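Engineer: Here it is, the structure in full.
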Amino acid sequence: MLGYRYPNDSRPLRIGDHAVIRSGTIIYADTTIGHRFQCGHQVLIRAEVTIGDRCVIHHKCTLEGRIRIGNGVKIMAHVYIPSTTEIGNMVFIGPNTTLLNDKYPIRCARPVCGPRIEDHVSIGGGVTISPEVTVGRNSVIGAGSVVTKDVPPDTLAYGVPARHRPLPESISHGNLPELLLPQTDLWGAQTDES
């Protein structure tokens, strides 16, 4: 279902050119999606989400609404992204990753605040990122980590809770555009003349 209109006023859904939206996906109204977007089956994108150009969201992901996602972002299967989360450009989020936006769910009456993921961050599978955490530009989060405090730019964070180390030189160059941008299908980088 595309452009699901919830009660009260809502703006129409806007999707850029050359999008591929697979079966079972629900995208609410009040959402703006850039060019060359692709999603897997059964993706849920709630209202007030902005997604940049050339983004891929794999199957069974949930984006809760009021989220900003930059250009060239790849989100693998079964990822949960809560409201008020910000994701920069050229970010990779591994499968089964959970981002959170409330330190004390239904215990404190205060506004929720999701994580902020800066540009060129790579997040391994099965990671949990706590509310209000900023993951700095060009950082790498190891698989299975639990991130409970801010990660400085150019940092390798891993473990439970995540410990910080300098980013090894071999992976310090940022995410490779040829592995994120030319998305003509969901199974990796393909030739794309645009």
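Engineer: Any residue in the stretch 7-34 that is farther than 17 Å from A47 by Cα and of a type in the set (S, T, Y) sitting within a Cβ distance under 8 Å of a residue that is part of a loop (DSSP other than H, G, I, E, B) and open to solvent by 60 Å² or more (accessible area, probe 1.4 Å)? List the pairs, counting only those 6 or more apart or interchain.
Structural biologist: Partner pairs satisfying both residue conditions: S23/H41; S23/Q42.
Engineer: So, one more: Looking at A77, is it over 14 Å from the mean Cα position of the chain (by Cα), among the small types (G, A, S) and either surrounded by 20 or more Cβ atoms within 10 Å (Cβ to Cβ) or under 16 Å from V43 (Cα atoms) (or both)?
Structural biologist: The answer is no for A77.
Engineer: Same structure again: Does P95 count as open to solvent by 40 Å² or more (accessible area, probe 1.4 Å) and either in a loop (DSSP other than H, G, I, E, B) or modelled with pLDDT under 95 (or both)?
Structural biologist: Judged against the criteria, P95 is a match.
Engineer: Do we have any residue at all in the stretch 61-74 that's of a type in the set (S, T, Y), under 11 Å from the mean Cα position of the chain (by Cα) and open to solvent by 20 Å² or more (accessible area, probe 1.4 Å)?
Structural biologist: Yes, the conditions are met somewhere in the stretch 61-74.
Engineer: For the stretch 166-175, how many residues meet the condition of being surrounded by 13 or more Cβ atoms within 10 Å (Cβ to Cβ) and not polar (S, T, N, Q)?
Structural biologist: Counting residues in the stretch 166-175 that are surrounded by 13 or more Cβ atoms within 10 Å (Cβ to Cβ) and not polar (S, T, N, Q) gives 2.
Engineer: So is I117 on the phi < 0 side of the Ramachandran plot, open to solvent by 50 Å² or more (accessible area, probe 1.4 Å), without any contact (Cβ under 8 Å) to a residue 40 or more places away in the chain and aliphatic (A, V, I, L, M) or not?
Structural biologist: So I117 does not fit the description; no.
Engineer: Pull up the stretch 25-40, narrow it to residues that are closer than 15 Å to L63 by Cβ, more than 15 Å from the chain's Cα centre (by Cα) and not polar (S, T, N, Q), then point me to the one that is surrounded by the most Cβ atoms within 10 Å (Cβ to Cβ).
Structural biologist: So, considering only residues that are closer than 15 Å to L63 by Cβ, more than 15 Å from the chain's Cα centre (by Cα) and not polar (S, T, N, Q), the one surrounded by the most Cβ atoms within 10 Å (Cβ to Cβ) is I27.
Engineer: Given A109, A143, which one is hydrophobic (A, V, I, L, M, F, W, C), open to solvent by 10 Å² or more (accessible area, probe 1.4 Å), in contact (Cβ under 8 Å) with a residue 40 or more places away in the chain and in a loop (DSSP other than H, G, I, E, B)?
Structural biologist: A143
Let's see how each residue does on (1) open to solvent by 20 Å² or more (accessible area, probe 1.4 Å); (2) farther than 18 Å from R68 by Cα; (3) at pLDDT below 95; (4) outside any strand (DSSP E or B):
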residue: T84; (1), (2), (3), (4): yes, no, no, yes
residue: N101; (1), (2), (3), (4): yes, no, no, yes
residue: P153; (1), (2), (3), (4): yes, yes, no, yes
residue: A157; (1), (2), (3), (4): no, yes, no, no
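Engineer: Quick check, is H59 within 20 Å of P95 (Cβ to Cβ), in contact with a His (Cβ under 7 Å, 6 or more places away or on another chain) and not small (G, A, S)?
Structural biologist: Taking the combined requirement at face value, the residue satisfies it.
The values are calculated or read from the model by the stated rules, or taken from the named source; none is laboratory data. For clarity, every value in this text was computed on a predicted model and none was experimentally measured. Note that each Cβ is placed from the backbone with ideal geometry, even for glycine, and that neighbours are counted across all protein chains shown. With ligands, DNA and RNA removed, areas are computed over all heavy atoms of the protein, side chains included. Shrake-Rupley method; radii C 1.70, N 1.55, O 1.52, S 1.80 Å.
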